[in-house]
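Take a look at the structure below.
Every number here is computed from the coordinates shown, using simple stated rules; none is lab data. The structure presented is a predicted model; accordingly, all values stated were derived computationally and were not measured. Glycine also receives a Cβ, built like all others from the backbone with ideal geometry; neighbour counts cover every protein chain displayed.
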Amino acid sequence: MPKKAIPGVYIASLLPKQNYDSLEHIKLYLDGELQSANRDYISGILFEVHNIRKTQLVLEYGPKYDQLFPIVNLADELAHYLFRELLPKEKSQHPKRKPLLFPSSLKLT
């Protein structure tokens, strides 16, 4: 797997299995900079795994997003915990794993 694909795999693994067709946009907040190739891999993997179309996907990212948005910090901490502490097949079923999808009307700042 190309290194550029890894962020897409992580993101896909954190999204719950559900039908995303009814959602006009799915906005994802990511900590750090993303190169164009990484964004392409993310959208490709999310389409492959969750059938999320590129036109639905809105990627918000930048340095220190985990400090600007508390929800990004929470997601970052959860991802680090899951990655460090659990075996791969335990991660998707762990009780501390929570979906981090919210209605677009929810204000994050």
**OP:** Name the residues whose placed amide hydrogens come within less than 5 Å of the amide hydrogen of Ile52, ignoring near sequence neighbours (fewer than 5 apart) on the same chain.
**Re:** Phe47
**OP:** Starting from one equal scatterer on each C-alpha and no solvent at all, send me the Debye-based log10 I(q)/I(0) for region 1-65 at q = 0.22 Å⁻¹, two decimals.
**Re:** -0.92
**OP:** Determine the sum of side-chain charges near Asp31: Lys and Arg each +1, Asp and Glu each -1, restricted to other residues whose C-beta is under 14 angstrom from that of Asp31.
**Re:** -4
